[in-house]
Each structure stands twice: as C-alpha cells, then as structure tokens.
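Written out below as structure tokens is the structure these notes cover.
The values are calculated or read from the model by the stated rules, or taken from the named source; none is laboratory data. These figures come from a predicted structure and were not determined experimentally. Glycine gets a Cβ as well: all are built from the backbone with ideal geometry, and neighbour counts include every protein chain shown. Protein only, heavy atoms only, side chains kept; ligands, DNA and RNA dropped before computing areas. Shrake-Rupley method; radii C 1.70, N 1.55, O 1.52, S 1.80 Å.
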Amino acid sequence: AGPAKQPRSELDRVLARGEVKVCSTGDYRPFTYRDPATGQWSGIDIDMAGDLAQRLGVRLKLVPTTWKTLVDDLGRTCDLSMGGISITLDRAKRAFYTEPYVRDGKTPITRCENAERFQTLEQIDQPGVRAIVNPGGTNEQFADANLKQATIVRHPDNNTIFTEIIEGRADLMITDAVETRWQAKEHPELCSVHPDQPFTFAEKAYLLPRGDVVFQEWVDQWLNLARHDGTYDRFAAAWIG
Ligand SMILES: O=C(O)C(=O)C[C@]1(C(=O)O)C=C[C@@H](O)C=C1
C-alpha cells in the first residue's frame, strides 16, 4: 500500500498554482481600499493578505468583490475573502470563518455639531432623520432591523458615503466603530459618537469556502501566528492606531 491518502484541498491548488487569490471589496477603510483612479490596494487586511501570501510562499492576486456577492464569489473568483468582514451567523451557514482578529460594533458617525443629538437609537429613530447606509452588508441589516421612523437612505458607493453626510444630504451613518474613528480622523467635520460603547458586538474574521477544513486549518494557524508574533500589531499600529 502507498502512503495514506490525504483529502484534496484548496490549499493544494493554491500551492500548485503558485498564487493565492484574495477577494476584497476595496471600499472599507482602514481595512481594505482600492483607489478608484489607480487601482492601487491598501489597508490593514491588504497588508495581512500580503503576509498570508508570503508565508504560503506564493504570489498574491487581489480580486475585487462586493458586499452582496462576497459569499458567492468564494471558490469561484477567489480562494478566500479578506477586508473587515463581520462574522454573521447567516454567512456562517454558507461559508467558513477563521478565528476572529479584531473586535468591533456599530456606532453613529455624524457631523460634529450633531453628535449630542444622535447618542441613542431612540434619538436617531425619529421622523425626519436621514440615516445613510451602504447596501449588502451588516450595516444595512442593522438599519432595517432598528430604524422604523427615520428615513433610510441607501447609497451604493461606500467610498463617497461620508461626503453625503459632510455635505448634508444625510444626517448620520451607523457603522463599525473602527471605520467611524478612521473617517472622523480623515474628515474633521465628522465625529464618531461613543465608539467605545457601540450598539452591537461584532468580530472581524476572514471568509473561506465552506467545507474545506484543510485550508481553514492552515489559514487559522497563519492568523494565530501573525497575531502573536507582532505582524498584526505592526499593521494595526499603522492603520487603526
Ligand atoms: O458586512 C460586513 O461584514 C461589514 O462589516 C461591511 C460593512 C457593512 O456592515 O455593511 C461595514 C462597514 C462598511 O461601511 C461597509 C460595509
């Protein structure tokens, strides 16, 4: 008898190909950003994707995806997906997650003069208040579930959504605290409202095709190492602060 048979995995295909294909939405700083003008990628999860490829010993190919098609693109256009993805039980029915690497939660971001007005969900969910959301992710789910009186403005382009608030076409957005901190630093007109006490608890992880435990195991071992050997902290210091 020959050697024991090992199950086929995406891991083998990635190694044979010499390239790992990572899907990312590219619209969610500081996790993932793709410059619309140059196509240049940046962000903490882009740095992490580079480290993943390097330690796999293969090239990195970044593949654009969207929040709506994130799960369907797995195994079709890419091997895994990275970029500020929240763990949801819904996605977990159709895909695998790695261990979480950062903790987050939803909190408001608004023009600074309105920060006192929009502290609680009750204050926000009032007739005449315009809450803007990007479609397809957990922000939209949260808004649909929690805002009954306020107007929900659906804005398809997450790269320009904060300009809508600055220029007064929307009053606020409820989104991940890490993003509100980053955007408030980027835009002095905007204030993050209690990012240390978000409305929800959520964790970020990387998303893998369902069923491939061999690949999941390798990516989890890599992530665990990167989180403890200073790699993640170095990227986080640069992007999250
Ligand atoms: O869907 C997710 O998992 C996300 O964390 C992405 C999500 C969202 O919740 O909609 C989070 C913040 C960004 O503004 C855009 C997208």
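How large, in percent, is the carbon and sulfur part of the accessible surface of the chain at a probe radius of 1.4 Å? Carbon plus sulfur share of accessible area: 49 percent.
Using a cutoff of 8 angstrom between alpha carbon atoms and counting only pairs six or more residues apart, the relative contact order for region 106-192 works out to 43 percent.
Rounded to the nearest 0.05, the FRET efficiency derived from the C-beta distance between I166 and L89 at R0 = 22 Å is 0.05.
On the basis of the beta-carbon distance and an R0 of 22 Å, T69 and N159 show a calculated FRET efficiency of 0.80.
Remark: relative contact order (the chain) = 27 percent; criterion is Cα-Cα distance under 8 angstrom and separation of 6 or more residues. Under 12 Å from the 7 Å Cα→Cβ point of E113, by amide nitrogen: which residues of region 125-169? Label zone hits: 167-168. Measuring against 28 Å, Cα to Cα, the residue pairs K68/K204; K148/K185; K61/K106 contain K148/K185; K61/K106 as the ones spanning a longer distance. When +1 charges are put on Lys and Arg Cβ atoms and -1 charges on Asp and Glu Cβ atoms, the dipole computed for the chain relative to its Cα centre reaches about 700 debye. Summary of the geometry: region 66-145 and region 14-28, compared by the centres of their Cα atoms, lie 22 Å apart. Remark: the chain carries 48 Å² of accessible area per residue (probe radius 1.4 Å; ligands, DNA and RNA excluded).
Between Q197 and Q6, residue separation times 0.36 nm minus the direct Cα-Cα distance comes to 64.1 nm. Take the alpha carbon gyration tensor of region 106-192, find the square roots of its eigenvalues, order them as a ≥ b ≥ c, and report rounded if a/c is under 1.5; if not, report prolate when a/b exceeds b/c, else oblate. Judged from the Cα gyration tensor, region 106-192 comes out rounded (a/c under 1.5). Residues of region 193-219 with backbone nitrogen within less than 13 Å of a virtual label 7 Å along the Cα-to-Cβ line of N146, please, listed as ranges. Output list for this probe position: 193-202. The accessible-area ordering, largest first, of the residues E116, E203 stands as E116, E203, per a 1.4 angstrom probe. With 10 Å bins beginning at zero, the pair-distance distribution over Cα atoms of the chain amounts to 7, 31, 33, 19, 7, 2, 1, 0 %. Placing dummy labels 7 Å off each Cα toward the beta-carbon, the span from I240 to H187 is 2.3 nm.
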